[in-house]
Number of protein chains: 2
Amino acid sequence: MALRYFEDFHPGEVIELGSREVTEAEIIAFGREFDPQYFHTDPKAAAASVWGGLVASGWHTTALFMRLLVDGFLKDVASLASPGIDEIRWLRPVRPGDRLSARLTLLEAIPSQSNAERGTFKQLGELFNQRGELVMSLRPIALIGRRPARA
Amino acid sequence: MALRYFEDFHPGEVIELGSREVTEAEIIAFGREFDPQYFHTDPKAAAASVWGGLVASGWHTTALFMRLLVDGFLKDVASLASPGIDEIRWLRPVRPGDRLSARLTLLEAIPSQSNAERGTFKQLGELFNQRGELVMSLRPIALIGRRPARA
């Protein structure tokens, strides 16, 4: 697939990024390494808590979204960097066995005033579970290369 | 250490969360699993690029901050959940061998209007490298339990 550039996308465009399942083992491994709170690492204690069972770290959920974003979008795009995220909302728990589907909506495409070789995308990312419930939304900012004159 | 509650903290308070080093192997492992772009996974290709070498995924950087936040703060606090993050800014690259130090500043402490058992903290998180450069800032929101009447 040919590389796609800033000019190849338009505000309002919606890109389905595919889906993946998350396992109990993955939730525990991520929790142990990066977010060792019992509701991410200890199924028994989590079951006895208000959570009613193990839930994925919010940071694991963002990382899973990122993987879907790379595989479903960035790998074919002249992506340069991200200066950050304008907002993350963790709306519902992600649990072992959930199948997560990601969607990206392009909100704004802003050519750089100072660098003719790039532009900024403001985006809305959404992650749904297998029941179609929105579990997370986020607003990533992306620096994207413009199409070279010779391309 | 006794559990600390919403009432035990005050706006303006600054909490140093400790530090940790990040290795090349960790950067590559995280990149391969969650953010397989070459500048996170391929040292040679990264060295030949504008990045001038391998850099950590921004999501790896947030996860490392979270680990420092759990070890340096949340493990002793009646932390209930986080509804989200108001902003993340990735300001400078994180590279193999960097030692990252985290700091948390409590910006606002808002008692819940609907639930006498909890309140919301709005916070500023900052992550610095070994040269004292700010590599990331973020604005987490935390739901924190209030001190039980009998405690």
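Structure values in brief
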quantity	calculated
For A:Glu13, residues with placed amide H under 5 Å, excluding near neighbours	A:Leu106
Position A:Ala47, label points 7 Å along Cα→Cβ, spacing to each other copy in nm (shortest first, one decimal)	5.1
Top of A:Arg32, A:Arg67, A:Arg131 by mean-square fluctuation, Gaussian network on chain A, Cα under 10 Å	A:Arg131
Pseudo-label separations to other copies for A:Pro83 - Cα-to-Cβ vector, 7 Å, nm	2.8
Dipole in debye (nearest 20) - the range A:2-151, about Cα centre, beta carbon charges: Lys, Arg +1; Asp, Glu -1	140
Computed magnitude of the charge dipole of the protein assembly as shown (debye, nearest 20; Cβ of K, R +1, Cβ of D, E -1)	80
Residue among B:Gly97, B:Ile85, B:Ser114 farthest towards the positive dipole end of the range B:19-151, charges placed on Cβ	B:Ser114
Label distances, nm, A:Ala2 versus same residue in remaining copies, Cβ-directed 7 Å point	6.9
Using a Förster distance of 41 Å, the FRET efficiency for A:Gln113-A:Lys44 (Cβ separation, nearest 0.05)	0.15
Cβ-defined net charge surrounding A:Ala81, 15 Å radius [Lys, Arg +1; Asp, Glu -1]	+4
Nearest 10 degrees, 0 to 90: helix B:58-72 Cα axis against chain B principal axis	40
Under-5 Å amide H pairs with A:Asp98, H placed in peptide plane, nonlocal only	A:Val22
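Values quoted throughout were computed directly from the atomic coordinates according to the rules given, and no laboratory measurement underlies them. If you're wondering where the values come from, they're calculated on a predicted model, not measured in any experiment. Note that each Cβ is placed from the backbone with ideal geometry, even for glycine, and that neighbours are counted across all protein chains shown.
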